[in-house]
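K.L.:
Sharing a structure with you now.
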C-alpha cells in the first residue's frame with residue numbers, strides 16, 4: 001500500500017485494488033491535486049478545505065459520517081469527534097477514520113480539536129499508520145498530537161495540516177511536533193510504501209513532501 005501526501009489533510013492511499021483519498025481541498029489553498037481519481041473519498045468534516053469532492057475523478061463512494069463500511073475490500077470505521085475542545089460548540093463535529101487497506105490500518109484524524117478518550121481509542125482498534133494534524137490553530141496542538149501518538153502507539157506517524165511554503169493559510173510548521181516526538185533530523189519523502197511485514201517495531205515519524 002502506497003501513501004502519498006497531496007497537501008494539507010489530503011492523502012492518497014493506494015492499495016492493490018482500491019484507492020482512497022482523504023479530505024480533498026480546493027486549488028486556492030496553494031497545493032494542487034492535479035487529476036486525481038479514487039474509489040473511496042473520506043471527508044472528516046464539511047469545511048470547504050476538507051470536502052472539495054468536485055476535485056476528485058472516478059465517481060468515488062463518499063464517506064462523510066460515522067459508521068462501519070466495506071468498499072472494494074477496504075474496511076473503514078468512522079467515529080464522531082469534535083473540531084474543538086468545547087464539544088463542538090465552536091466549530092462543530094469531526095470524523096476520525098480508521099481505514100484498512102491491504103492489511104494495514106491507517107488512522108486519519110481530520111481536524112481533531114481535542115484529545116481522544118480511552119473509549120474512542122479502543123473503538124479505533126490497532127493503528128499501524130497515524131495521520132495527525134500538528135499545525136494547531138484549528139486543531140490539537142503539537143504537544144497534544146505527540147501525546148496522542150504515545151497513547152495510540154502507531155508504527156508510523158505522518159504529520160499533516162501544518163504550514164509549508166506552499167500553503168496559503170497561517171498554521172504552525174511541523175517543527176514543534178517533530179521536536180515533541182524527540183526527532184532531531186528528518187528528510188521528507190515524496191511517498192511511502194507500507195506492508196504488514198515492513199512496519200517498524202517502534203514508532204517512526206515520517207514527513208512527506210506534497
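The values are calculated or read from the model by the stated rules, or taken from the named source; none is laboratory data. Bear in mind that the values here come from a model prediction, so they are computed numbers and not experimental data. Glycine also receives a Cβ, built like all others from the backbone with ideal geometry; neighbour counts cover every protein chain displayed.
K.L.:
Looking at (1) modelled with pLDDT of 95 or more; (2) under 23 Å from residue 198 (Cβ atoms); (3) touching a strand residue (DSSP E or B) at 6+ places or on another chain (Cβ under 9 Å), which is the only condition residue 63 fails?
P.N.:
For residue 63, the failing item is (2).
K.L.:
Another question, then. Scan region 81-93 and give yes if some residue there is part of a strand (DSSP E or B), closer than 21 Å to residue 29 by Cα and over 14 Å from the mean Cα position of the chain (by Cα), otherwise no.
P.N.:
Just the residues of region 81-93 that are part of a strand (DSSP E or B), to begin with: 81-82, 93.
With closer than 21 Å to residue 29 by Cα added as a condition, the list becomes none.
Taking every residue of region 81-93 in turn, none turns out to be part of a strand (DSSP E or B), closer than 21 Å to residue 29 by Cα and over 14 Å from the mean Cα position of the chain (by Cα).
K.L.:
Name every residue in region 142-182 that is without any contact (Cβ under 8 Å) to a residue 40 or more places away in the chain, within 18 Å of residue 44 (Cβ to Cβ) and within 15 Å of the chain's Cα centre (by Cα), in order of residue number.
P.N.:
145, 148, 162
K.L.:
Looking only at region 89-129, filter to residues that are on the phi > 0 side of the Ramachandran plot and surrounded by fewer than 17 Cβ atoms within 10 Å (Cβ to Cβ); which one of those is modelled with the highest pLDDT? Talk me through it step by step, then tell me what you get.
P.N.:
Let us first name the residues in region 89-129 that are on the phi > 0 side of the Ramachandran plot, namely 92, 102-103, 110, 125.
Narrowing further to those that are surrounded by fewer than 17 Cβ atoms within 10 Å (Cβ to Cβ): 92, 103, 125.
Details: 92: 76, 103: 96, 125: 93.
Here the answer is 103.
K.L.:
Give the residues of region 165-182 that are surrounded by 14 or more Cβ atoms within 10 Å (Cβ to Cβ) and touching a strand residue (DSSP E or B) at 6+ places or on another chain (Cβ under 8 Å), sorted by residue number.
P.N.:
Once the filter is applied, which keeps residues that are surrounded by 14 or more Cβ atoms within 10 Å (Cβ to Cβ) and touching a strand residue (DSSP E or B) at 6+ places or on another chain (Cβ under 8 Å), region 165-182 yields 167, 174, 177, 178, 181.
K.L.:
Are there any pairs with C-beta distances below 6 angstrom linking a residue in region 10-34 that is at positive phi to a residue that is in a loop (DSSP other than H, G, I, E, B) and surrounded by 15 or more Cβ atoms within 10 Å (Cβ to Cβ), with the two at least 6 apart or on different chains, and if so which?
P.N.:
Note: pairs meeting the criteria are 23/9; 23/44; 30/167.
K.L.:
How many residues are in a helix (DSSP H, G or I) and surrounded by 15 or more Cβ atoms within 10 Å (Cβ to Cβ) if we restrict to region 38-73? First the steps, then the outcome.
P.N.:
Kept after step one, since they are in a helix (DSSP H, G or I), are these residues of region 38-73: 48-50, 53-55.
Retained after the next criterion (residues that are surrounded by 15 or more Cβ atoms within 10 Å (Cβ to Cβ)): 49-50, 55.
Count: 3.
K.L.:
Still on this structure, please answer the following. If I go through region 107-123 residue by residue, how many of them are farther than 21 Å from residue 143 by Cα and in contact with a strand residue (DSSP E or B) (Cβ under 7 Å, 6 or more places away or on another chain)?
P.N.:
Matching residues across region 107-123 total 1.
K.L.:
Please count how many residues of region 143-176 are under 29 Å from residue 75 (Cα atoms) and either in contact with a helix residue (DSSP H, G or I) (Cβ under 8 Å, 6 or more places away or on another chain) or not in a loop (DSSP other than H, G, I, E, B) (or both).
P.N.:
Keep residues of region 143-176 that are under 29 Å from residue 75 (Cα atoms), which gives 144-162.
Going one step further and asking which of them are either in contact with a helix residue (DSSP H, G or I) (Cβ under 8 Å, 6 or more places away or on another chain) or not in a loop (DSSP other than H, G, I, E, B) (or both), we end up with 144-152, 156-160, 162.
Summing the residues that are under 29 Å from residue 75 (Cα atoms) and either in contact with a helix residue (DSSP H, G or I) (Cβ under 8 Å, 6 or more places away or on another chain) or not in a loop (DSSP other than H, G, I, E, B) (or both) in region 143-176 gives 15.
K.L.:
Let me ask another. Tell me, please, whether a residue that is in contact (Cβ under 8 Å) with a residue 12 or more places away in the chain and closer than 18 Å to residue 46 by Cα can be found in region 121-129. Can you show your working first?
P.N.:
Going residue by residue through region 121-129, those that are in contact (Cβ under 8 Å) with a residue 12 or more places away in the chain are 121, 123-129.
Subset that is closer than 18 Å to residue 46 by Cα: none.
No; the residues of region 121-129 include none that is in contact (Cβ under 8 Å) with a residue 12 or more places away in the chain and closer than 18 Å to residue 46 by Cα.
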